[in-house]
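> Input: one structure, supplied below.
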Amino acid sequence: MSAHIVVVGAGIVGAATALALAERGFAVTLLDRAAPGSAVSGASLACLGTHQNSEVELPQLIWATRRWAEWDQRFTGAFHYRRCGQIRFIDHAADISTAEHWIALERAAGLSAQLLNLDEVRRIEPALTGPILAASWSPDDALVNPFLSVRTLLRAAVEAGARFLGHQPAQRIDCQGDRVTGVTTPDGRIDANTVVVTGGPWTAGLLAPMGIELPIVPRKAQCLATVAQPPTIRGVVGASKSEQGGVHGGYTQIQQSEAGQILFNTVLAGGESAPGSPDRVPQVDLPFVVDSATTLMRLFPGLRHVDLLRSWVRYEAVTPDDRFIIGPVGPTGLYVGAGDNGTGFLRAPVIAEIIASAIAGTRCAVDPSPYDPARFAPKVALQ
């Protein structure tokens, strides 16, 4: 088998990257150790939101949300794009100034964020009757269906000339001298002069035998879902940014699926896992269930007697500064796009643009500098 470019990992980032490369005329093979989107992409709540997200990346995030809206038009709603908005609730008076800071930043960038009083909050989210003081609101934030999004972009990549090989893990990246020459899989070697690793929490382990030390660690991404309910929650509900950490630092997300299930999680502390954790599928932590259910019932008292239907655990890849590592590392022809911190859906168009532009040698539509692997040198060996 031969291919010009091999992309390793068919989650949302790999699918978007394969599409961007195929549409630029490259021969692309996309590999995955299992089915497309079967790891953290399939478990994501898939929020496409700029609100209180990342000041450093705000221009890139705005570009990404616009690209998602363009994709929705292009693929005629195939991944169930919903511009539902996002509320960040405030339950500590000290956090109002923090919300105002974010709102000012976002409005200066042309976004529509605003501060809401309680009456305004309940006009937008009538069921949000818990003891909060106020909230910030971003009406343009959106949701997509994670499974359909991965498959839609993958199908478009294949139609553009890429090929997909599922249940085909990359065992080794092959090199000759200082240049990539291919990828070895259980079925043999795939020749390539460029390899792009978008393998999430498996990325660091795949590159470690090459002497490339990426500061990426796996972290549990856990979620709970209730039985289906009548329409109850309009958009995405989360905590406002805060210096207090825990749920007051934004580690909660509540939304309702199109099928009526209430999806929710709350992470109060920690969560980083030992190397090798992504290869195991544990049960959801009991403290996580208690914390998440407590938060849901406090904010939405009307859901107090709703039954839980299911839970799930996957692993996301986290870097020390919570930003992706995107770009060339190690031998010539090796690129990385990993370190999502649970934000891969939003950033997938940006990652695809940066990597495809770098490989093609063309001008990039976004500034890649916030994601430069060199910020972690000397741990990352650069080309």
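> Criterion first (out of contact with any Gly (no Cβ under 7 Å at 6 or more places or on another chain), within 28 Å of Pro278 (Cα to Cα) and of a type outside the set (S, T, N, Q)) does Ala64 satisfy it?
For Ala64, the condition - out of contact with any Gly (no Cβ under 7 Å at 6 or more places or on another chain), within 28 Å of Pro278 (Cα to Cα) and of a type outside the set (S, T, N, Q) - is met.
> Ok, one more. Considering only region 51-165, give the helices (runs of 4 or more DSSP H) lying wholly within it that have at least 2 residues that are closer than 30 Å to Val196 by Cα and touching a Ser or Thr at 6+ places or on another chain (Cβ under 7 Å).
Of the helices (runs of 4 or more DSSP H) lying wholly inside region 51-165, those with at least 2 residues that are closer than 30 Å to Val196 by Cα and touching a Ser or Thr at 6+ places or on another chain (Cβ under 7 Å) span 58-74, 146-159.
> Kindly provide the set of residues from region 348-358 that are open to solvent by 10 Å² or more (accessible area, probe 1.4 Å) and in contact (Cβ under 8 Å) with a residue 60 or more places away in the chain, ordered by number.
Correct list: Glu353 only.
> A follow-up question, please. Assess whether Val336 counts as being under 23 Å from Leu154 (Cα atoms) and either open to solvent by 10 Å² or more (accessible area, probe 1.4 Å) or of a type in the set (A, V, I, L, M, F, W, C) (or both).
yes
> Here's a follow-up. Is there a residue being open to solvent by 20 Å² or more (accessible area, probe 1.4 Å), of a type outside the set (Ser, Thr, Tyr), outside any loop (DSSP other than H, G, I, E, B) and touching a residue at least 12 places away in the same chain (Cβ under 8 Å) anywhere in region 34-43?
Scanning region 34-43 turns up at least one residue that is open to solvent by 20 Å² or more (accessible area, probe 1.4 Å), of a type outside the set (Ser, Thr, Tyr), outside any loop (DSSP other than H, G, I, E, B) and touching a residue at least 12 places away in the same chain (Cβ under 8 Å).
> With Ser97, Ser149, Ser112 as the choices, which residue is open to solvent by less than 30 Å² (accessible area, probe 1.4 Å), closer than 25 Å to Leu58 by Cα and of a type in the set (Gly, Ala, Ser)?
The match here is Ser149.
> Given the condition modelled with pLDDT of 90 or more and open to solvent by less than 50 Å² (accessible area, probe 1.4 Å), answer yes or no: does some residue in region 265-274 qualify?
Yes, that holds for at least one residue.
> Here's something else I'd like to know. Of everything in region 275-314, what is open to solvent by 20 Å² or more (accessible area, probe 1.4 Å) and either of a type in the set (Phe, Trp, Tyr) or assigned to a strand (DSSP E or B) (or both)? Give them in sequence order.
Answer for region 275-314, where residues must be open to solvent by 20 Å² or more (accessible area, probe 1.4 Å) and either of a type in the set (Phe, Trp, Tyr) or assigned to a strand (DSSP E or B) (or both): Leu308, Leu309, Arg310, Ser311, Trp312, Arg314.
> May I pose another question? Taking the condition assigned to a loop (DSSP other than H, G, I, E, B) and open to solvent by 10 Å² or more (accessible area, probe 1.4 Å), does Pro201 pass?
For Pro201, the condition - assigned to a loop (DSSP other than H, G, I, E, B) and open to solvent by 10 Å² or more (accessible area, probe 1.4 Å) - is not met.
> Turning to a different aspect of this structure: Does any residue of region 228-235 turn out to be buried (at least 22 other Cβ atoms within 10 Å of the Cβ) and of a type in the set (A, V, I, L, M, F, W, C)?
Checked against the condition, which is being buried (at least 22 other Cβ atoms within 10 Å of the Cβ) and of a type in the set (A, V, I, L, M, F, W, C), region 228-235 yields at least one hit.
> Determine whether region 70-89 contains at least one residue that is touching a residue at least 24 places away in the same chain (Cβ under 8 Å) and over 20 Å from the mean Cα position of the chain (by Cα).
Yes, region 70-89 has at least one match.
> Condition first: at pLDDT 95 or above and within 11 Å of Thr198 (Cβ to Cβ). Now tell me which residues in region 339-355 satisfy that.
Listed by number, the residues that qualify are Ala348, Ile351, Ala352, Ile355.
> Tell me whether region 161-181 contains one or more residues that are under 13 Å from Ala16 (Cα atoms), open to solvent by 70 Å² or more (accessible area, probe 1.4 Å) and free of Cβ contacts under 8 Å to residues at least 12 places away in the same chain.
No; the residues of region 161-181 include none that is under 13 Å from Ala16 (Cα atoms), open to solvent by 70 Å² or more (accessible area, probe 1.4 Å) and free of Cβ contacts under 8 Å to residues at least 12 places away in the same chain.
> A further question follows. Looking at this structure, is Ala18 open to solvent by less than 30 Å² (accessible area, probe 1.4 Å), in a loop (DSSP other than H, G, I, E, B) and either touching a residue at least 60 places away in the same chain (Cβ under 8 Å) or among the acidic types (Asp, Glu) (or both)?
no
> May I ask you to list the residues in region 121-143 that are of a type outside the set (A, V, I, L, M, F, W, C) and under 28 Å from the mean Cα position of the chain (by Cα)?
Residues satisfying the conditions are Glu125, Ser136, Ser138, Pro139, Asp140, Asp141.
> Provide a single number: the residues in region 118-133 that are within 29 Å of Arg347 (Cα to Cα) and open to solvent by 10 Å² or more (accessible area, probe 1.4 Å).
Selection size over region 118-133: 1.
The values are calculated or read from the model by the stated rules, or taken from the named source; none is laboratory data. This is a predicted model, so every value here is computed, not measured. Here Cβ is always computed from backbone atoms with ideal geometry, including for glycine, and neighbour counts include all displayed protein chains. Heavy atoms of the whole protein, side chains included, go into the accessibility calculation; ligands, DNA and RNA do not. Shrake-Rupley method; radii C 1.70, N 1.55, O 1.52, S 1.80 Å.
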